[in-house]
Amino acid sequence: MNLDTLKAFASDGGRSILDLFEQDVDRAHVFSASTGDMLFDYSKTQIDTDIRAALIRLCDEAGLADRRDAMFAGAKINETEERSVLHTALRNLDGGPVDVDGLDVMPGVLDTLQRMRVFAEEVRGGAVAGAGGSFTDVVNIGIGGSDLGPVMATHALAPYHDGPRLHYVSNVDGAHIADVLRQLDPTRTLVIVASKTFTTIETMTNARTARAWMVDGGGEPARQFAAVSSALDKTQAFGIPEQRVFGFADWVGGRYSVWGPVGLPVMIAVGSTAFDAFLRGGQAMDVHFRAADWSENMPVMLALTGIWHRQVLGYASRAVLPYDQRLLRLPAYFQQLEMESNGKSVAMDGSALTIPSGPVVWGEPGTNGQHAFYQLIHQGTDVIPCEFMVAAEGHEPELTHHHRLLLANCLAQSEALMRGRSLDEARQRMADKGLTGEECERQARHRVFAGNRPSTTLMYPKLTPFVLGQVIALYEHRVFVEGVLLGINSFDQWGVELGKELATSLGPIVDGAEGTETKDGSTAALVAYAMLHRETE
Ligand code: F6P
């Protein structure tokens, strides 16, 4: 990506956003994008018509339209793994054929989806049951993309949850599975082992522990285990009957997999009709992404806002701030989606990236974050672009006053970030409180807000399954667009491998085998400390 033209605009990153609103009364409309009932407002940034035009030129220079069409058409755009990238096929409910290597994948996708629907409804209705009766609880064992998506969606869709209780175990820390299983009846619990590869050490360790717990407690793993994986030979070897295995192809990346069998626990929780609505929301965003002009294209403009802030202005992180308690796991989900996808320092052709990779993504729901880390966002020395999101209304008609307060807080934060408070204003406030002289000056300085801090706001009518689908697909395509502009492969994740390999070699050493001498001094000393201080063998 050649940023020369844009770098010429970098000094505009410091100009007053408030002035931009004064110069253009229509700014909020000009610098926003919508699709269906969803609105993305990026007017509280320093982007103006010239900057937007220069950003959009990047899309054309990078051949974004061709890359996008290649992805949807099943081309092998994940070049380091020689794979297609077709999570979009999982929500392509009525969009026609999608070919990989000359074969239409849609019949297989729709067949698996139908099997999921039947299984989910049988679990919900009790036709599929455990040794002790209908399932009261479902435990999903998985990690990363086999966990974060369904966890996030289960929280998000709580108002629609009318199936068995759901629990998620991801961490290999025995505390996680112990705390979950302790509350459950091993004869009425369904365990879903979700792992694309079915080799992930955390997941397989937890799956074996769950199986032993079930057998000890009188449950029957053969009827109470299901698997979600693309490694069908391995699910069979684990002993999960074929009819309980829901497969997906290698062209679905883990962090993009919630739309297919990885979403099975969500479907069991909310039912197949609500899950279909989630898929349709994703599909609607796909249609928009493929059809809208760049300047009106929500994923593209979200991506270009990200490029402007990270690659042009150099802001190292961005905060995702849903004013929606049920989106409490969305920041964690986006962390994997964005940082595993675009945290790369090598371009597709193997050359070193000469511009910054994707930013650190982090966040928490508002209003909680306001009482924790917003201090730094408002008065810290770093500029952190904030991505707010909020619904026009909540799901609790008897609590509309809560929702209005939530909405007011969300809007107040973006306004405060932009408006700030000058030293003169701060002085006046101190003077109004009766302070004078040096004390007035000293106190006033602590109460200055630099302001002019950029933010975007995504608004939607209500957090329904359809809207959740739109939001997730919006961010997926944002990541895709940013990856294309960076010239990287957003669909591999080699950066996670080294740690896995070293953990494998450290396992026996931590167990007491020889080998600390092969490690550096720090690692050897830390192993020695653990061996000295443990009471159990
Ligand atoms: O270690 C990273 C990763 O490979 C993620 O990309 C993936 O979502 C996660 O591990 C889990 O992998 P699997 O579904 O194969 O167990």
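Odds and ends about this structure:
- Any hit, the range 190-204, residues being loosely packed, with under 15 Cβ neighbours inside 10 Å and charged (D, E, K, R): no
- Of Glu501, Glu497, Glu514, all but one fail to be open to solvent by 10 Å² or more (accessible area, probe 1.4 Å) and in a loop (DSSP other than H, G, I, E, B); the exception is Glu514.
- Index of the failed condition, Ile143 passing every other in (1) of a type in the set (A, V, I, L, M); (2) open to solvent by 20 Å² or more (accessible area, probe 1.4 Å); (3) in contact with a His (Cβ under 8 Å, 6 or more places away or on another chain): (3)
- Residues satisfying the stated conditions in the range 300-343, i.e. of a type outside the set (Phe, Trp, Tyr) and open to solvent by 30 Å² or more (accessible area, probe 1.4 Å): Arg310, Leu313, Gly314, Ala316, Gln325, Arg326, Leu328, Arg329, Gln335, Met339, Glu340, Gly343
- Once the range 80-95 is narrowed to residues that are closer than 15 Å to Ala70 by Cβ and of a type in the set (A, V, I, L, M), the residue that is farthest from the chain's Cα centre (by Cα) is Ala89.
- All of Ile201, Ile240 fail the test of being under 23 Å from the mean Cα position of the chain (by Cα) and either β-branched (Val, Ile, Thr) or within 16 Å of the ligand (Cβ to nearest atom) (or both), apart from Ile201.
- When residues of the range 340-360 are limited to those that are charged (D, E, K, R) and under 24 Å from the mean Cα position of the chain (by Cα), the one farthest from Leu3 (Cα to Cα): Glu340
- Thr235 being open to solvent by less than 10 Å² (accessible area, probe 1.4 Å), within 30 Å of the chain's Cα centre (by Cα) and within 11 Å of the ligand (Cβ to nearest atom): no
- Within the range 211-225, the set of residues being aliphatic (A, V, I, L, M) and either within 15 Å of the ligand (Cβ to nearest atom) or more than 21 Å from His176 (Cβ to Cβ) (or both) comprises Ala222 only.
- Qualifying residue in the range 470-485 (condition: more than 16 Å from the ligand (Cβ to nearest atom), over 23 Å from His309 (Cβ atoms), surrounded by 12 or more Cβ atoms within 10 Å (Cβ to Cβ) and not charged (D, E, K, R)): no
- All helices (runs of 4 or more DSSP H) inside the range 356-458 with 1 or more residues being open to solvent by less than 50 Å² (accessible area, probe 1.4 Å) and of a type in the set (Phe, Trp, Tyr): 374-379
- A search for C-beta distances below 6 Å between a residue of the range 404-429 that is more than 15 Å from Gln443 (Cβ to Cβ) and any residue that is in a helix (DSSP H, G or I) and open to solvent by less than 60 Å² (accessible area, probe 1.4 Å), counting only pairs 6+ apart in sequence or on different chains, returns Met418/Ile17.
- Within the range 69-99, the set of residues being open to solvent by less than 20 Å² (accessible area, probe 1.4 Å) and outside any helix (DSSP H, G or I) comprises Gly74, Ile77, Asn78, Ser84, Val85, Leu86, Val98.
- Flag not set for Arg223, criterion: of a type in the set (D, E, K, R), out of contact with any strand residue (DSSP E or B) (no Cβ under 6 Å at 6 or more places or on another chain), open to solvent by 10 Å² or more (accessible area, probe 1.4 Å) and within 30 Å of Thr45 (Cα to Cα).
- Scanning the range 128-177 for residues that are among the polar types (S, T, N, Q), within 13 Å of the ligand (Cβ to nearest atom) and in contact with a Pro (Cβ under 7 Å, 6 or more places away or on another chain) yields a single hit, Asn140.
- Looking across the range 155-182, just one residue is crowded, with 17+ Cβ neighbours inside 10 Å and over 29 Å from Pro465 (Cα atoms), and that is Val172.
- Boolean, Val270 is at pLDDT 95 or above, away from the ligand (no atom under 13 Å from the Cβ) and touching a helix residue (DSSP H, G or I) at 6+ places or on another chain (Cβ under 9 Å): yes
- Within the range 229-264, the set of residues being within 21 Å of Gln470 (Cβ to Cβ) and not aliphatic (A, V, I, L, M) comprises Gly253, Arg255, Tyr256, Ser257, Trp259, Gly260, Gly263.
- Those strands (runs of 3 or more DSSP E) of the range 143-252 in which 3 or more residues are in contact (Cβ under 8 Å) with a residue 24 or more places away in the chain and not aromatic (Phe, Trp, Tyr) occupy 165-169, 189-194, 225-229.
The values are calculated or read from the model by the stated rules, or taken from the named source; none is laboratory data. Everything quoted here is computed from the prediction, not taken from an experiment. Heads up, the Cβs are rebuilt from the backbone with ideal geometry, glycines too, and the neighbour counts pull from every protein chain shown. These accessible areas exclude ligands, DNA and RNA; they are computed on the full protein's heavy atoms, side chains included. Shrake-Rupley method; radii C 1.70, N 1.55, O 1.52, S 1.80 Å.
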